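First up is the structure itself, then whatever we jot down about it.
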Amino acid sequence: MQSARSLHRWVSYGAILPGLLLAVTGVALSLMPLNEAVSTGSLTPAADVSVADVASAIARDVPGVERIAKSANHTITADFFHADTFGSVVFDPATGNISPKPEPTGMWGTLKSLHRSLFLGDIGRGVTGLTALSMLFLSVTGVWIIVSRMGGWRALISPPATRGWKLVHFQAIRIALAGLAITSLSGVVMSLSSFSLLPSTNTPEPLFPDLSGAQMIAIAQMEALQSTPLSQFRELIFPFDGDPTEPFMLATNSGVAFVDPATGQITAFEPKSLWGHLYELVYLLHTGQGAWWIGLLMGLSICAAPVAVASGVALVLTRPKSPLSGIKIAPASRAKDVILVGSEGGTTWIFAAELARKLTEAGRAVHVAAINDMRENYPKADNLFFFAATYGQGEAPESAHQFDKVFAKFERKDIAVSVLGFGDRSYPEFCGFAQYISAQAKRAGFECLDELTLIDRQSLQAFAAWGAQIGEKLGISLTLAPRLATTAPTHLTLLRNTRLGEEVGAPVSILRFEIPNKGFAKFGAGDLLGILPPGSDVPRFYSLASSTKDGFLEICVRRQEGGLCSTHLTQLVPGARIKAFIKPNPQFRPARNSNPMILIGAGAGIGPLMGFLRGSKGVKPAHLFWGGRSEQSDFLYQGELKTCVETGQLTQLSTAFSRDQSPAYVQTRLKEQSSEVARLISEGAEILICGGVNMAQDVARTLDEILMPNGTSVAQLKSQKRYLEDVY
Amino acid sequence: MKPLTKTSLVAGALALAMAVPAQAKTLTVITSLGAVPGPRAYVAIYVTDPKGKVYDTIHVAGREAKYHQHLRGWVRGARKSRTKPHSVTGASAGSGKVLKAQFEIADNLIAAGYQVRVDTAVENFADVPKAAVLTLGKDTSVRGRGIVRKVEVH
């Protein structure tokens, strides 16, 4: 996801200028077919006459005619060679009028040549081809980003729930997408074709026929021309100068034919290839030549592309403030203290910024950089601080992937190193990467400013204590108090509100919020979202159904009778904002192994269970038992669950509805499948339960009955941390 | 050894002389263009049998292969002969251009009525197959059609 987004951003930087030029000239050119249709009168469809009618009328009035052609825009032109001069006229089939062919006005030609090749010949054609390819790439990745962020294809048509530049960017992209995708794909095909990298689209001439060589009959009598309606007609080439050894060549929508002038019959025919037909469609979609309204639609759609670019630039420029803003960072060459940060989500930067701010306030020159950007030397530095988060199983986080390389190149050993690790003690390999840095520093023979310190779950007390200790060593007073998103509520914007259960008296909403910025605390499914309802300082907590990796915040809220917060939340409309913060809840999450998990819940309790399912990515076999009131009304996540079953991410889905025809509860389903449940537990399965207290008690009783024959119990599973509850 | 060498040298020289068709001529074809409308013209100058089957391509003016299909008599004649039209190419030609080229042909083919043909094509204007047809051994100069003013062979 992250890499798709950064790839999207880098490609758009590269394509921005030529892309804008192509968009602007393309929009202007989109008016060309309409202009031509109006100026030649072909806006109205041609009268249904035959090629014989048209050709004989032209042959009568235009001496020396040697070619009649119908453009993609239905304009009929005739070329002639008479009295040693070439010339062209336009023929109106409705009136039979012949008028001089209008000079192609300079503007259209110039625009076309700019759009095709930037006036740079083959190099320019290459540039525009690559730009079209970039646009195609951006369209595809753009759709992918929208769909994965907003969670579904419906996001492409449902009203967006952002505001400001993001809203403008998003709306402009939605408008521009259709036009951009179509014109860039067709543009790529046309570019490849112009470089002869695709098979030729021309229909070759049929084999040259043997002609009778007899006297030519009147054009109006030629059957091949009589039987071809003007709507099918493309081109008719006359035997040059009445050459009796030459046939007529007739091109139609379906192919190329030779016509014997003596008999008026087709003597040879070459059908148009499938690729030729396809290419014509591509050409039509790209140019609008032949359907001026397609041109206009494309032009209108692409009008939004420059707006998308401008708002995209504005987005980049107004990206959320870095935690370092407002701190006077010293250059690497002058810094006394250097702080190097290895962060995945961005929280570690907030701690680093706090240390930098307080050290700077104490009059020291401080430099802060990502571990990847570590220099070979910091000539004036006394202290080197590593602030390191850990990713996955003790691996280096994003901004520290290059640690081994840059650390090996570092030249000075007479510098005091301090390593501070950030992590979560409930995970294996707690602060694994910080421990690795510390060990490497010791091995390389660095002096240690202090022993490795590990901060569990962003503990502000532990950080402050570490700061006091460092301050003592440096001979200054250091009071560190970073403001984290977890302690200060942040405004969250609602992306969508899926409301269910109204009919069965159990109104429940799935609420999805945008992750506000990079510095926002990382969270996992099962963590709690503390929400401050308007006019109250007391937060209400809701289990999260998503993690940072899903790219959004999601909770399920059941509307309680007279409940201040739940009533407020379930009535929110997309775009509304709430004040909220993350409260970690590491006690309630599946173990990091591949053992099966049995997820049991009722009503809105499905939230965190859904989140676990999303996070397991199929590594852990999952069995979900869930109870609602009516399949028709409050079946939360119905579509996504079915998809999970189809993909195998969910091994088994058992639902029970209490108000449907054969009322049932989750414990009913557990009993029905008792042998399977017992087997899973004997294989090391863990049980995660979320829902009301009564349901949890019923489920515990049922499971005890199921487990008794095996000599185990819920209490025993609890002691093994294999029976986790989140009950309200 | 010495006389033997001498003999074989003579034999070799004889064989070489035999390899060149004894009765062959090197001819020069001069194609004069008149006014070329619009952009430059593509021109094919080639030798055919009396029925139009291409025997040899003398010169093609215009380098973009994708436009060569508009030199229709030449493409057709080459297709008939089932030989690939080889591309003796030069730059496309403008107004008043005189294209000179040499070719070699056996006397018996001249006697058989082989022809020098010229095709022309100009973007947005007529493709002219057989803009000029000159029958060897009969004509030394013919008037052309379209943009070809005349064709001479010496």
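The values are calculated or read from the model by the stated rules, or taken from the named source; none is laboratory data. What you see is a predicted model, and the numbers here were worked out from it, not measured in a lab. Virtual Cβ from ideal backbone geometry, glycine too; neighbours counted across all protein chains shown.
Residues in region A:227-249 that are away from chain B (no Cβ under 14 Å) and either buried (at least 17 other Cβ atoms within 10 Å of the Cβ) or in contact with a Leu (Cβ under 7 Å, 6 or more places away or on another chain) (or both): A:T228, A:L230, A:F233, A:R234.
For region A:652-668, a tally of residues being within 14 Å of A:W626 (Cα to Cα) and either within 39 Å of the chain's Cα centre (by Cα) or exposed (fewer than 15 other Cβ atoms within 10 Å of the Cβ) (or both) returns 8.
Residues of region B:140-154 that are under 21 Å from B:Y55 (Cβ atoms) and within 14 Å of another protein chain (Cβ to nearest Cβ): B:V142, B:G144, B:V148. Is it the case that A:S509 is of a type in the set (S, T, Y), farther than 24 Å from A:N372 by Cβ and in contact with a helix residue (DSSP H, G or I) (Cβ under 8 Å, 6 or more places away or on another chain)? Considered against the rule, which asks whether it is of a type in the set (S, T, Y), farther than 24 Å from A:N372 by Cβ and in contact with a helix residue (DSSP H, G or I) (Cβ under 8 Å, 6 or more places away or on another chain), A:S509 comes out as yes.
Based on this model, can you work out whether B:T26 counts as of a type in the set (V, I, T) and within 11 Å of chain A (Cβ to nearest Cβ)? For B:T26, the condition - of a type in the set (V, I, T) and within 11 Å of chain A (Cβ to nearest Cβ) - is not met.
Say whether the condition of being more than 14 Å from every other protein chain (Cβ to nearest Cβ) and either over 12 Å from the mean Cα position of the chain (by Cα) or in contact (Cβ under 8 Å) with a residue 40 or more places away in the chain (or both) is met by at least one residue in region B:117-131. No: zero hits. One residue stands out among those in region A:105-133 that are assigned to a helix (DSSP H, G or I) and hydroxyl-bearing (S, T, Y): the one that is farthest from the chain's Cα centre (by Cα), which is A:T110.
The single condition among (1) part of a loop (DSSP other than H, G, I, E, B); (2) touching a helix residue (DSSP H, G or I) at 6+ places or on another chain (Cβ under 9 Å) that A:D414 does not satisfy is (2). Within 23 Å of A:L236 (Cα to Cα) and either more than 14 Å from chain A (Cβ to nearest Cβ) or not aliphatic (A, V, I, L, M) (or both) - does that describe any residue in region B:104-114? Checking region B:104-114: not a single residue is within 23 Å of A:L236 (Cα to Cα) and either more than 14 Å from chain A (Cβ to nearest Cβ) or not aliphatic (A, V, I, L, M) (or both). For the condition surrounded by 16 or more Cβ atoms within 10 Å (Cβ to Cβ), under 36 Å from the mean Cα position of the chain (by Cα) and either small (G, A, S) or within 29 Å of A:F588 (Cβ to Cβ) (or both), A:F403 does not qualify.
This table checks each residue for (1) under 19 Å from A:D382 (Cβ atoms); (2) under 35 Å from the mean Cα position of the chain (by Cα); (3) in a helix (DSSP H, G or I).
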{"site": "A:F430", "(1), (2), (3)": "no, yes, no"}
{"site": "A:F433", "(1), (2), (3)": "no, yes, yes"}
{"site": "A:S438", "(1), (2), (3)": "yes, no, yes"}
{"site": "A:G445", "(1), (2), (3)": "yes, no, no"}
{"site": "A:D450", "(1), (2), (3)": "yes, no, no"}
{"site": "A:Q458", "(1), (2), (3)": "no, yes, no"}
{"site": "A:W466", "(1), (2), (3)": "yes, no, yes"}
{"site": "A:I470", "(1), (2), (3)": "yes, no, yes"}
{"site": "A:R483", "(1), (2), (3)": "no, yes, no"}
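Do the conditions hold for A:W275, that is, is it of a type outside the set (V, I, T), away from chain B (no Cβ under 14 Å) and either crowded, with 20+ Cβ neighbours inside 10 Å or under 23 Å from B:R72 (Cα atoms) (or both)? Considered against the rule, which asks whether it is of a type outside the set (V, I, T), away from chain B (no Cβ under 14 Å) and either crowded, with 20+ Cβ neighbours inside 10 Å or under 23 Å from B:R72 (Cα atoms) (or both), A:W275 comes out as yes.
Here the condition is being away from chain A (no Cβ under 12 Å), small (G, A, S) and in contact with a strand residue (DSSP E or B) (Cβ under 7 Å, 6 or more places away or on another chain); of B:G96, B:G137, it holds for B:G96 alone.
Applying a threshold of 7 Å to beta carbon distances and a minimum spacing of six or more residues, or different chains, the list of pairs starting in region A:69-97 at a residue that is over 30 Å from B:S95 (Cβ atoms) and away from every other protein chain (no Cβ under 12 Å) and ending at one that is crowded, with 18+ Cβ neighbours inside 10 Å and β-branched (V, I, T) reads A:P93/A:V54; A:P93/A:I76. Scanning region A:199-214 for residues that are of a type outside the set (F, W, Y) and touching a residue at least 60 places away in the same chain (Cβ under 8 Å) returns A:P199, A:T201, A:N202, A:T203, A:P204, A:E205, A:P206, A:L207. Can you confirm whether region B:10-27 contains a residue that is within 20 Å of the chain's Cα centre (by Cα) and at pLDDT 90 or above? Among the residues of region B:10-27, at least one is within 20 Å of the chain's Cα centre (by Cα) and at pLDDT 90 or above, which makes the answer yes.
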